[in-house]
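Chemist: One structure is given below, represented as structure tokens, and several questions about it will come after.
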Amino acid sequence: MPLLRGTIHELTDVPDASPGSRGFAVLTNDRWNAVMTAIGGAVVRPEILPFETSYSVRLRDGRFATAARVISLRAPDAAPPGDPSPIGPSQGSLTDEELDALEDGFVRFLQIPMLLSTSPTARRPVGDAATYPIWGELYRGREPIAGERKRFLVVSPNEWNQATKIASVVRTTAQTKADVAQFPSIHGGRTRACCGDLSTFGPSELLMARRDRPDPATCTLKEMTAVVRGIMVTHDLADAARRAAT
Amino acid sequence: MGKGGVVLKRVSLSIPEDVQEAPRHPDYLGLPQGTSQSKVLENLLLIGWRTVKRQRAEAQELALYAAYEKDPERVAASTSIQRMTLRSGVV
């Protein structure tokens with residue numbers, strides 16, 4: 001049975017976490033969840049970092065669902081034997097208010113109001129830009145996929161990336177040709193961003209050295225706007241974006 | 001002239017039997033009791049057409065995702081993304 005948007009599932013076998021303390025609040029839309037074998041959602045944790053509060057919502061049970069840690073995991077019935085899904089049994093659902101607040105945090109995290117404004121302006125990287133993943137730039141993943149180190153586009157804000165060294169990214173692919181919002185074209189159509197596969201990686205999972213960077217390594221503001229528009233579809237953020245604009 | 005200055009086109013049409021009860025229940029459409037039959041039917045047309053468009057868009061979206069799921073790289077990519085995510089300690 002497909003997971004439903006807004007439900008919370010236990011994350012199982014999390015190292016150094018007590019059983020049941022971590023959850024996964026499903027955020028990808030229900031068309032995606034009905035068909036796809038990997039699902040997107042926000043991590044639910046008992047505690048968050050101080051600068052994570054504006055992207056998070058405190059739930060009735062005292063835990064926090066945080067849009068700064070939206071991840072993509074294999075659906076429980078679709079994971080290959082060697083890589084079981086950590087998505088466990090249901091822990092209930094977000095209330096409408098909690099879901100709205102989480103979406104609002106996600107919209108802020110993705111800088112959607114700025115990108116959808118009439119004159120978007122990217123903020124410059126803060127501090128030493130060589131030490132953390134930069135918003136709007138592409139990095140190769142450390143782990144090869146189908147024999148190749150794939151490119152990931154950073155969509156999380158620089159202040160967050162700098163402070164935590166973790167970054168939310170979407171994978172890119174040259175395989176998908178569909179010319180639709182969910183797979184926006186970047187680099188003149190040579191590749192597309194897979195918005196529904198947004199996930200969050202730690203510092204060791206992206207190759208930061210200059211010699212490892214892809215060429216071109218940067219997306220334009222127009223491309224970044226198209227990418228967040230795609231995420232708005234796959235993660236159902238259109239209503240939240242409208243709320244942010246009013 | 002409709003709401004917001006939109007010009008409404010007037011046509012004569014047969015109302016299916018099932019729909020003939022609709023004007024007695026304007027509240028089902030969020031309209032106040034006493035709303036005219038023509039206003040109820042006008043709203044019904046609008047809702048029906050929007051539903052058709054939404055269902056069509058959703059069917060296209062499902063087909064798009066189904067095609068993406070068949071991408072030969074897809075399984076390897078999503079499994080790898082899960083591994084990278086879990087190793088990262090973001091959970």
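None of the figures in this text is laboratory data; all of them are computed from the coordinates on show. Note that the coordinates shown come from a computational prediction; the quantities given were computed from them, not determined experimentally. Cβ: placed from backbone, ideal geometry, glycine included. Neighbour counts: every protein chain shown.
Chemist: Just the residues that are part of a loop (DSSP other than H, G, I, E, B) and either more than 10 Å from chain B (Cβ to nearest Cβ) or in contact with a strand residue (DSSP E or B) (Cβ under 6 Å, 6 or more places away or on another chain) (or both), please, taken from segment A:1-20.
Modeler: A:1, A:2, A:3, A:4, A:5, A:6, A:12, A:18, A:19, A:20
Chemist: From the list A:142, A:149, A:108, A:124, pick out the single residue that is free of Cβ contacts under 8 Å to residues at least 40 places away in the same chain and either basic (Lys, Arg) or under 17 Å from residue A:235 (Cα atoms) (or both).
Modeler: Being free of Cβ contacts under 8 Å to residues at least 40 places away in the same chain and either basic (Lys, Arg) or under 17 Å from residue A:235 (Cα atoms) (or both) holds for just one of A:142, A:149, A:108, A:124, which is A:124.
Chemist: From the list B:62, B:45, B:8, which one is assigned to a loop (DSSP other than H, G, I, E, B) and either touching a residue at least 24 places away in the same chain (Cβ under 8 Å) or under 17 Å from the mean Cα position of the chain (by Cα) (or both)?
Modeler: B:8
Chemist: Could I ask something else about it? Can you name the residue in segment A:190-222 that is charged (D, E, K, R), closer than 19 Å to residue A:177 by Cβ and without any contact (Cβ under 8 Å) to a residue 60 or more places away in the chain and, of all such residues, is surrounded by the most Cβ atoms within 10 Å (Cβ to Cβ)?
Modeler: A:192
Chemist: Does at least one position in segment A:168-177 carry a residue that is touching a Ser or Thr at 6+ places or on another chain (Cβ under 6 Å) and either away from chain B (no Cβ under 12 Å) or in contact (Cβ under 8 Å) with a residue 60 or more places away in the chain (or both)?
Modeler: Among the residues of segment A:168-177, at least one is touching a Ser or Thr at 6+ places or on another chain (Cβ under 6 Å) and either away from chain B (no Cβ under 12 Å) or in contact (Cβ under 8 Å) with a residue 60 or more places away in the chain (or both), which makes the answer yes.
Chemist: Which is more than 10 Å from chain B (Cβ to nearest Cβ) and crowded, with 24+ Cβ neighbours inside 10 Å, of A:235, A:187?
Modeler: A:235
Chemist: For residues that are out of contact with any Pro (no Cβ under 8 Å at 6 or more places or on another chain), more than 10 Å from chain B (Cβ to nearest Cβ) and not in a loop (DSSP other than H, G, I, E, B), scanning just segment A:137-167, find the one that is surrounded by the fewest Cβ atoms within 10 Å (Cβ to Cβ).
Modeler: The residue in question is A:159.
Chemist: I would also like to ask the following. Please tell me if residue B:89 is within 30 Å of residue A:149 (Cα to Cα) and either within 7 Å of chain A (Cβ to nearest Cβ) or in a helix (DSSP H, G or I) (or both).
Modeler: Spelling it out, residue B:89 is indeed within 30 Å of residue A:149 (Cα to Cα) and either within 7 Å of chain A (Cβ to nearest Cβ) or in a helix (DSSP H, G or I) (or both).
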